[in-house]
Amino acid sequence: MANLVLAVLTARRLARNAAPLACALALGGLVVLDASERLPPLAAAAAFVALVGLLVQRARRRAAAIEASALLDLEVGALLVVATFAAVLRLDGSLDGDAHAALYVVIALVSAFARPGASLLVALAAAALEIAVRSAATRSAPLALDAARAAAPHIGFMAVFSVLNAAILRAEIGRVRKASRTHLQAEIDRLRDDARSYRLLSAPAQARGGAQKGDDERLARSGVEEIHQSVLFALRLLRESLDLYTAVLLWQNDTGTHLRISELASDAPNLSEGPFLSGDGVFGAAITQRAPVVIGGLKPGYKLPYYVGPSPVRAVCALPVFEHGQLRGVLVVDRVEDRAFSPRELELIDEACRYAVRAIQNERVFVQLERAKVEQGKLYRAAEALGAATTEAGVIEAGVTSAREITSVDFAAVTLYDEAQKVHEIRAVSGDGGAELTGQRFRHNAGLVSMVLQNRHPLPYRGEYDEKRQVVFTRRVAPPSMPSIIVLPLVVHDRPLGTLVLGSRRRAAFNDSVRSTLEVLASHMAVSLSNARMMRRLEELATMDGLTGLLNKRAMLEVADQKITAARRFSRRLSVLVTDIDHFKKVNDTYGHDVGDVIIKGLGDVLRRAKRTTDAVARFGGEEFVVICEETDARGAMLLAERVREELGRTTFHAAGSNGPVQCQVTCSIGVATYPEAGSTWEELFKAADESLYVSKRSGRNRSTAWSPSLRSGSAHPPAAEAPGPAKPGAEASAPARPGAVPGARSASAPPAPALPAARSASSVPPAGAPAPARSASSVPPAGAPASARSASVPPAGAPAPARSAAGSPAPQRRPPVGGGAPAPSGPDSAPGGRRVAASSPAPARAPGEAEPRSKPRRPSEADPASKPKTAA
């Protein structure tokens, strides 16, 4: 459908563009038809009106266009040719009359103003139309060749008029344009010379960058114009008050060899434009004596340098112009009458000199202030851009852009310095060779970058770079060849951050004024770079866990909300894994918290390596980690959980303990929940994964369990027993099977890693005759377990031993009376010999002598208030 619409729009555009040419062709056909047989007057008048209206419309559009297209020139030329042929046929009745000469004028006009291609097509169209008209007028097909022969002279004249007019007119237009450009360039050069002579410009404009060159030219133009107006006012006032014939201020060039007219007020027609030699005539006398020179009673043929031919004046006075004691020019006044200049008049002339000098000085100060204002504006915009940048990349980009605004910069690079390792890194490059230089690292050396950071001063001197004698980065890592390079230090509180390297293909691009501005820019850039680093560090502290470098709980909750919203929006699966280290408190109690930190970091590394780029891993608290996996169902989440669990079990952690190096292995339990089966919100998903983790813990640890609806439905009752994995030889025996795993829970287990040595816990021995206290299932070691693995809570010899149920799991036991007394009689499940069975409890299983395995205790299910294990009274 889109292609069809595009085709229709293209066809409409082509038809609209071709409509004027089609109308011109149709009207040309009517002209040929009228030549063979006269059209009715009404039809001929209608066609002529249509032709004139279309011609006027296209001509007005051509006149309104600043630069018309070749198609528009062709349309106007074709309509003009058709209208001319129609007029000639109606006036003369043929193409051999006197009116046919108008066609040559039309061809010449089109050739002068239309594009060359359009002019050629119009000439060919005129030749074809003339042959067609002559063939139609003869009314005989075999005589078409004769018509072409008859039209040949006319076609030749058309070609001659077209070529000559185009060549002559275009050559004249080119000459005028060249003369205008030359005159304009001369005025610009004179303006620059005036500005430099008045010291409004301190350097040639071609040595400056594009932006600064434009600003300097604008300021110089306004300053020179203001000086000329002020000096002209003073000269006119002096001329009228002293009845002078000519008053002219001549300014000396920088070398002091020539004088040129700065401003004059005179009615003399024969003044010379100069320049004049400084030692000519009265000029030389005033400059040599450095005092006013007054001459009266001049003869009619006396020669003055600033007049062409004999001078018409009889008295002349020349005063040297000084600025801060330095000769700057000469003020010359004269009068026609033979009257010497009085001391009062000399004082007025001297006052006029001082006024001109003050005007130049004031304008110079004004230009300097304007230039400072422009520079401050650039620095303000740079500071604003740098202040808005919050990242290192944003600061670098804003700094390079601001440097390009200050001066002409063809190459820019930013290096960052690692003071601890003494290594420089080229972080960003703009210009030629950026791809090869970005990311290069080099040691601290004798290059310009290293020397700049060491000396805290820009190098090289005046920004003049010689690649044969100077090194910017290293001999191997070098910027493009450029005549101007400057390296600026980025320093904050005397702490080096890096350098800003700028290069330009213009010579003397980094002069004193530009370098001072760039130094201010570099200081702003260094502060912004330091702020960006601190902001990045604050963001890391706010969102990352300090020990593992993973997301913390607050950041994980934000990511979880986003991922669940996306899963709900696009109907995708999402799985949550909750991981907890088994017997972690024993690690801290046995080896210390520093070893525990090593294990936590190790599990974080395992999870970081196992996750995908779209997954999120966070340390939720203590030894508990959470993984959020997008586009992952329960089966994929279980594969990931098993991979994490097996890799952690194979990992041996090495740490420095209080008694020497420590090597230990740990295992983990994992709970898995999947959206939307386990819940539609984060709270529901996390609770489901936590329940699955709880099942893994109660089922013997070192296993993964996926959530199923039966977990939630049976969470208030003790689950059925599940056999643990086989224990490794010499390792700590796992706890007996807890009162069972919940039916329907999918779990995967592996043999536990060698556990840590069990610490004996203190227990009290019940007095004689007291009922034996209830023992948890975890206090009975399995067959074959070493004696060290037995809990200290085993009763002494002579005490009645607990009985085992037939299934091998502890049978339920009634609680003893609150006030003491005889024990409850044995039930039908009692073992032979009167040995009572330990009370069952849904609390997590513990290894012999093990303390609480989690960093934060879990509350038992509210539905079983007796689930908390009892201790001896």
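The values are calculated or read from the model by the stated rules, or taken from the named source; none is laboratory data. Every value quoted in this text rests on a predicted model; they were computed, and no experiment measured them. Cβ: placed from backbone, ideal geometry, glycine included. Neighbour counts: every protein chain shown. For accessibility, only protein heavy atoms count, side chains too; no ligands or nucleic acids. Shrake-Rupley method; radii C 1.70, N 1.55, O 1.52, S 1.80 Å.
Here are the numbers for this structure:
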| read-out | value |
| --- | --- |
| Label point at Asp561 placed 7 Å out along Cα→Cβ; residues across the range 618-644 whose backbone nitrogen lies under 15 Å | none |
| Pairs of Cα atoms farther than 21 Å apart, the range 366-474, % | 48 percent |
| Phi to ³J(HN,Hα) by Karplus 6.51 cos²θ - 1.76 cosθ + 1.60 over the range 526-538, Hz, x for Gly, Pro | 5, 5, 5, 5, 5, 5, 5, 5, 5, 5, 5, 5, 5 |
| Inter-site label distance for Leu237 and Ala7 at 7 Å from Cα along Cβ, in nm | 8.2 nm |
| Taking the C-alpha atoms of the range 562-676, convex hull volume expressed per residue in Å³ | 87 Å³ |
| Stretch gain in nm, segment Leu547-Arg456, where the contour uses 0.36 nm per residue and the Cα spacing is subtracted | 29.1 nm |
| Long-range amide H partners of Val423 with built H, under 5 Å | Asp418 |
| Cα-based Kirkwood hydrodynamic radius, the range 470-622, one decimal, Å | 20.6 Å |
| For Thr255, solvent-accessible area (1.4 Å; no DNA, RNA or ligand), Å² | 110 Å² |
| Label-point gap, in nm, between Asp512 and Val365 - each point 7 angstrom along Cα→Cβ | 2.0 nm |
| Alpha-carbon centroids, the range 317-337 and the range 517-578: separation in whole Å | 74 Å |
| Modelled FRET efficiency - R0 45 Å, Ala167 with Phe322, Cβ distances, 0.05 increments | 0.15 |
| Peptides ranked, highest mean first, by Cβ atoms within 10 Å: ranges 358-367, 169-178 | 358-367, 169-178 |
| Calculated FRET value between Lys422 and His493, using beta carbons and R₀ = 22 Å, to 0.05 | 0.65 |
| For Glu425, solvent-accessible area (1.4 Å; no DNA, RNA or ligand), Å² | 40 Å² |
| q = 0.18 Å⁻¹: log10 I(q)/I(0) that the Debye formula gives for the range 455-549, counting C-alpha atoms only | -0.84 |
| Distance between modelled label sites at Ser658 and Thr257, nm, 7 Å Cα→Cβ extension | 9.3 nm |
| Mean Cβ neighbour count within 10 Å, used as a protection proxy, ranking 30-41, 504-515 highest first | 504-515, 30-41 |
